[in-house]
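Structure first, then comments.
The values are calculated or read from the model by the stated rules, or taken from the named source; none is laboratory data. Note that this is a predicted model, so its numbers are computed, not measured. Neighbour counts are summed over all protein chains in view; Cβ atoms, including those assigned to glycine, are modelled from backbone coordinates with ideal geometry.
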Amino acid sequence: MRMAFTVDVEDWFCSPDLTLSEWEGHEIRLEKPVHQILDLLDENAATGTFFALGWIAERRPDLIKEIHRRGHEIASHGYSHRLVYQQSPQEFKQDIRMSKDILENIIGSKVNGYRAPCFSMTDWGLDLLIEEGFTYDSSLIPNTFNKLYAKFDLPASDALPFRIRDGLWEVPLPVYRVSGVHVPWGGGGYFRIYPYRLFSLGARSIIRKRNSFVFYIHPYDLDPHQPRIFNTSKLNSIRRYSGLDAAYDKLKALLADYSCMSISRYCPQIGGKAQNERKNRNYS
Ligand SMILES: [Zn+2]
C-alpha cells in the first residue's frame with residue numbers, strides 16, 4: 001500500500017506560543033532525528049516531502065541541502081510558525097515569501113508546496129499562496145476535535161488531492177470516520193499515541209476507502225530527551241510527550257509496511273517542476 005510521507009522540519013521549541021526572540025537560545029536538536037528519518041527512508045528506498053521552516057533553514061542550511069541531495073522534496077512550512085489566522089494577510093505574505101526565498105536559494109530549485117503551522121489555513125491564505133507561486137497546499141484536516149486546525153467545508157472526496165483554487169491543489173491530511181466523527185489519523189502526536197497496529201489498521205482502511213493517505217511526522221516526535229516545556233496541562237503533556245520512546249520503532253515499521261513517497265511523486269497530477277528527486281524503489 002502506498003502513502004505520501006511528509007516531515008514538518010521544525011524543532012521542539014518552534015511553537016506559536018513562543019515569539020521568535022524566545023526561540024533564540026534554545027538548543028537546536030533536530031539534526032539527529034532528521035538523520036534518523038533520512039536513514040530510514042534510504043533503507044526502504046523511499047522518498048518524502050520535507051516542509052521546512054525558514055527560521056530553521058537559515059540556521060541549518062546544510063541540513064536542508066542534505067535532505068535535497070538525498071533525493072527528497074523540499075517544501076515550505078513558512079518562516080516563523082505563527083498560525084495563519086493570527087497574522088494579517090500582509091504578515092502572512094511576507095512570512096511565506098521569506099521562507100520560499102530562503103529554501104529556493106539553498107537548494108537552487110523551485111519550492112512548490114506549503115503546509116500551514118498547526119494546519120491553520122484560511123481562505124485568503126490560499127489566495128496568497130497562488131500569488132507567491134506555490135502550486136499546492138497540504139494544510140487541511142476535516143477533523144472534529146482540534147480547534148487549532150482550520151475549519152473548511154471540504155468536498156465529499158476530501159481525502160483526495162483536489163483543486164481548491166485555479167492554480168492551487170489541496171493535498172488534505174487523513175481522518176478516520178466513525179459515527180459522523182472525524183478523528184485525525186495522519187501522524188504526529190496521533191501516531192505516537194495510537195498503538196502501531198491500530199494506527200496501521202486505520203491507515204489501511206482509509207487507503208482502501210479513499211485511495212489516499214498523507215502521513216506526517218516532526219523531528220521532535222523522535223526525540224525522547226527534549227526539554228519538556230509544554231507540559232502546562234495534562235492534555236498538552238499527552239499531546240506533546242506521549243509515546244516518544246516508541247516512535248522510532250513505529251516509524252521503522254511504517255516505512256517497512258508501506259511504500260512511502262514524496263507528495264510530488266504520490267500526486268503527480270499537482271504538477272510543478274520537479275526538484276530532481278530520487279526515484280522510489282517501488283515507484284512506477
Ligand atoms: Zn509545524
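Among the residues making up the stretch 22-45, those that are within 16 Å of the ligand (Cβ to nearest atom), within 16 Å of Ile217 (Cβ to Cβ) and assigned to a helix (DSSP H, G or I) are Pro33, Val34, Ile37.
Each residue in the stretch 250-270 was checked for being touching a residue at least 12 places away in the same chain (Cβ under 8 Å) and loosely packed, with under 13 Cβ neighbours inside 10 Å, and 2 of them qualify.
Residues that are within 16 Å of the ligand (Cβ to nearest atom) and of a type in the set (Gly, Ala, Ser) occur in the stretch 7-21; there is at least one. The residues of the stretch 184-205 that are of a type in the set (A, V, I, L, M, F, W, C) and either surrounded by fewer than 21 Cβ atoms within 10 Å (Cβ to Cβ) or within 15 Å of Asp249 (Cα to Cα) (or both), listed by number, are Phe191, Ile193, Leu198, Phe199, Leu201.
Yes/no matrix, rows are residues, columns are (1) under 25 Å from Gly108 (Cβ atoms); (2) crowded, with 24+ Cβ neighbours inside 10 Å; (3) hydrophobic (A, V, I, L, M, F, W, C):
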residue: Phe5; (1), (2), (3): yes, yes, yes
residue: Lys32; (1), (2), (3): no, no, no
residue: Thr49; (1), (2), (3): yes, yes, no
residue: Leu53; (1), (2), (3): yes, yes, yes
residue: Arg59; (1), (2), (3): yes, no, no
residue: Val84; (1), (2), (3): no, yes, yes
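Screening the stretch 217-268 for residues that are in contact with an Asp or Glu (Cβ under 6 Å, 6 or more places away or on another chain) and small (Gly, Ala, Ser) and picking the one that is farthest from Tyr190 (Cα to Cα) gives Ser264. Selection within the stretch 162-206: residues that are of a type outside the set (Gly, Ala, Ser) and in a loop (DSSP other than H, G, I, E, B). The member of this set that is farthest from Tyr114 (Cα to Cα) is Pro195. Reported count of residues in the stretch 207-238, each being surrounded by fewer than 17 Cβ atoms within 10 Å (Cβ to Cβ) and in a helix (DSSP H, G or I), is 8. Residue count for the stretch 48-107 satisfying the condition of being within 15 Å of the ligand (Cβ to nearest atom), in contact with a Lys or Arg (Cβ under 8 Å, 6 or more places away or on another chain) and aliphatic (A, V, I, L, M): 1. Taking the criterion of being assigned to a helix (DSSP H, G or I) and either among the aliphatic types (A, V, I, L, M) or within 15 Å of the ligand (Cβ to nearest atom) (or both), the residues of the stretch 108-124 that qualify are Pro117, Cys118, Phe119. Remark: pairs (first residue in the stretch 130-156, on the phi > 0 side of the Ramachandran plot; second residue modelled with pLDDT of 95 or more; Cβ separation under 8 Å; 6+ apart in sequence or on different chains) = Gly133/Lys100; Gly133/Lys110. Selection of the stretch 225-249 for residues being in contact (Cβ under 8 Å) with a residue 60 or more places away in the chain and among the hydroxyl-bearing types (Ser, Thr, Tyr) yields only Tyr248. In the stretch 46-87, the residue that is farthest from Asp11 (Cα to Cα) out of those that are among the charged types (D, E, K, R), in a loop (DSSP other than H, G, I, E, B) and out of contact with any Pro (no Cβ under 9 Å at 6 or more places or on another chain) is Arg70.
Of all the numbered requirements in (1) within 26 Å of Phe191 (Cα to Cα); (2) at pLDDT 95 or above, Ser15 misses one, and that requirement is (2).
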